[in-house]
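First up is the structure itself, then whatever we jot down about it.
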Amino acid sequence: MTDLSPAGATGHGIGARLKQLSGWQRVLLAAFMGVVMTLGHAPTDFPWGFFLALPLVLSLTAQVERPIQAAWIGWGLGFGYFVSGLHWIGHAFLVDPDQHAWMLPFALTLLPGFLALFWAAAFWVAKRLWPQSLVLQAMTLATCWTLVEILRSHVLTGFPWALPAYAWVETPLLQSASWAGPFGLTLLVLFLCGYLPMALLARNMIGATLSAAAFAALWAWGTLRVPDQIAYATDAALIRIVQPDAPQHLKWNRDYIPLFYQRLLEASAAPAEGRDGAPDLILWPETAISYLPERVPEGRQQIAAAARGAPVVTGAITAPDDGATIGYFNSLVSILPDGSIGPSYNKHHLVPFGEYVPFAWILEPLGLEQIALFGGFDEGPGPTVVSLPGLPAFAAAICYEMIFPHEVVGPGPRPDWIVTITNDAWFGGFAGPQQHLDQARFRAVEQGLPAARAANTGISAMIDPYGRVTKSLPLHTHGAIDALLPEKAPPTPFGQMGYYSTLLLSTLLVAFLIVIGRQPIRFDTK
């Protein structure tokens, strides 16, 4: 009988060598495979390394006997993956190096080390459930892994950056996000990329053929789903997206604020491409203006004059003085042609330690009010649809919020498009901004909605509901693009159900594996 376990699949050569590795050698090898997986993400966009990394990791896990050994493999894999994939976070500590550079080594190791704990937990549970057949082993690992990725997206407000699904954004598999979402697509690629090569090595031609056919079907369906031409309504709105290119270390410098503000005004006042007069809407990035718009009416009038009849949607810090609201908000504000403030949106998912301090209610009684007030922003009420006169209604998302697939579009009437404003100057110029843009492309496909993205230093873009960038401004340039708003696609299964179907499926698979497992799951570390 053919041995369908990874040990048998890799043969006496590779399998025997893997079995002889010491603990730290397994962790180092897994960490290197994590780096290989990272190559799938922007800006390298080479997802095919998954077909190398995942079978090797699957085989490594099969070779060890104890769940704690598998957990170390998962942790090493996650550490290599997140260290290489999130290195751009270090750029934020170099904006003011005299103050913050000393924290750089800690930021580049502690956060990846913490995120890797989720993967360690997935491997630990998977090894507890470890069945005998190869297909079930691949399913077990992919399912547990997907569940902890959902968990990673929620624990401590969540940080779902670099989900494995995002490595496939430049392929037709992106279209599967319309029904599977990023978590469902993560489950699919983890299983198929792990199982297919192992089935080939095990000479299980039925399993290899079926998995290859499933991968090919996803690829073909994604190719056929995307129309050849981008669809526009006959009266499609013309959106001007303005990018001032304000480097973070100069953005709040009093000597440079007038320069960046003038760039915004001049780009907004320029004649619209392809038509007389102004565009239908002008979009500025996150915290584009340096004053509180509700308290500086002359500033609003200046913006309205530059826009020449078009409403302007801009990021700003606001402090509503309505007698009921106290505090500051990171806001998206609309300035109407008469200079008045129109519908606005306050960011509801704030960045921990950047826009607020978690557990501030514990710090204040200890006399640490200054630490508790660090960041200083209050939360908005939640996802909001913004409606401006004569324009399609849009869902609003500010920077960090765009990485959460379950929070961009809230309950209620479906919007016509998504507007996201961001300040990616914190991310540097390599990997961070490109990965953030890729996640916006996923949100567009998941919801079947076009998305307009205004970024302070780039990449600003218009994205159609199939994730295609129709027009963009590159990094570190200032100017504007005029882009027609594509038509939205029909409602998607993910837009209607969210990730709950993936959560339910993964939970049922785990329950199935417990039932058919050769031994019941035990929660100990021996």
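The values are calculated or read from the model by the stated rules, or taken from the named source; none is laboratory data. Just so it is clear, the model here is predicted, and its values are computed rather than measured. Cβ: placed from backbone, ideal geometry, glycine included. Neighbour counts: every protein chain shown. Only protein heavy atoms, including side chains, enter the accessible area calculation; ligands, DNA and RNA are left aside. Shrake-Rupley method; radii C 1.70, N 1.55, O 1.52, S 1.80 Å.
Between the amide H of A272 and those of G277, distances stay under 5 Å, these residues lying 5 or more places away or on another chain, with hydrogens modeled in the peptide plane. For the chain, the residue among S506, S460, H348 whose Cα projects farthest onto the positive side of the dipole built from Cβ charges is S506. Between amide H atoms placed 1.01 Å from N, distances below 5 Å from Y232 occur with E487, all of them 5 or more places distant or on a separate chain. Note on the chain: with charges restricted to the Cβ of Lys and Arg (+1) and Asp and Glu (-1), its dipole about the Cα centre is near 2100 debye.
With the cut-off at 1.5 for a/c, could you classify the range 136-239 from its C-alpha gyration tensor as rounded, prolate or oblate? In terms of gyration-tensor shape, oblate. Remark: the range 32-150 carries a charge dipole of roughly 480 debye about the Cα centre, counting +1 on each Lys and Arg Cβ and -1 on each Asp and Glu Cβ. A simple rule links phi to the HN-Hα coupling: the Karplus curve 6.51 cos²θ - 1.76 cosθ + 1.60 with θ = phi - 60°, which for the range 223-228 gives 5, 6, 5, 7, x, 5 Hz, with x for Gly and Pro.
Here the gap between D235 and D255, fully extended at 0.36 nm per residue and compared with their Cα-Cα distance, gives a gain of 3.0 nm. The Rg/Rh ratio for the range 18-170 is 1.00, where Rg is the radius of gyration of the alpha carbons and Rh is the Kirkwood radius.
Protection proxy ranking, highest mean first, for peptides 94-102, 395-403: 395-403, 94-102, where packing is the per-residue count of other beta-carbon atoms within 10 Å, averaged. Here the Karplus relation 6.51 cos²θ - 1.76 cosθ + 1.60, evaluated at θ = phi - 60°, turns the backbone of the range 284-291 into coupling constants of 10, x, 4, 6, 6, 10, 9, 10 Hz, with x for every Gly and Pro. Summed over the residues of the chain and divided among them, the accessible surface reaches 42 Å² per residue at a probe radius of 1.4 Å. Working note: Karplus 6.51/-1.76/1.60 with θ = phi - 60° gives the range 401-407 the couplings 5, 6, 8, 9, x, 8, 10 Hz, where Gly and Pro are set to x.
Taking only protein heavy atoms and a 1.4 Å probe, the accessible area of the chain is 65% carbon and sulfur. When the chain is described by a simple charge dipole with +1 on each Lys and Arg Cβ and -1 on each Asp and Glu Cβ, the residue from T314, A121, L250 located farthest towards its positive end is A121. Note on the chain: antiparallel DSSP beta bridges, both residues inside, total approximately 60 percent of the bridges counted. Packing, as the average of other Cβ atoms within 10 Å across residues, places the peptides 299-307, 67-75 in the order 67-75, 299-307, highest first.
Were the residues from R295 through L28 laid out at 0.36 nm apart, the gain over their Cα-Cα distance would be 90.5 nm.
In this structure the amide hydrogen of G40, modeled in the peptide plane, comes within under 5 Å of the amide hydrogens of F46, none closer than 5 places in sequence on its chain.
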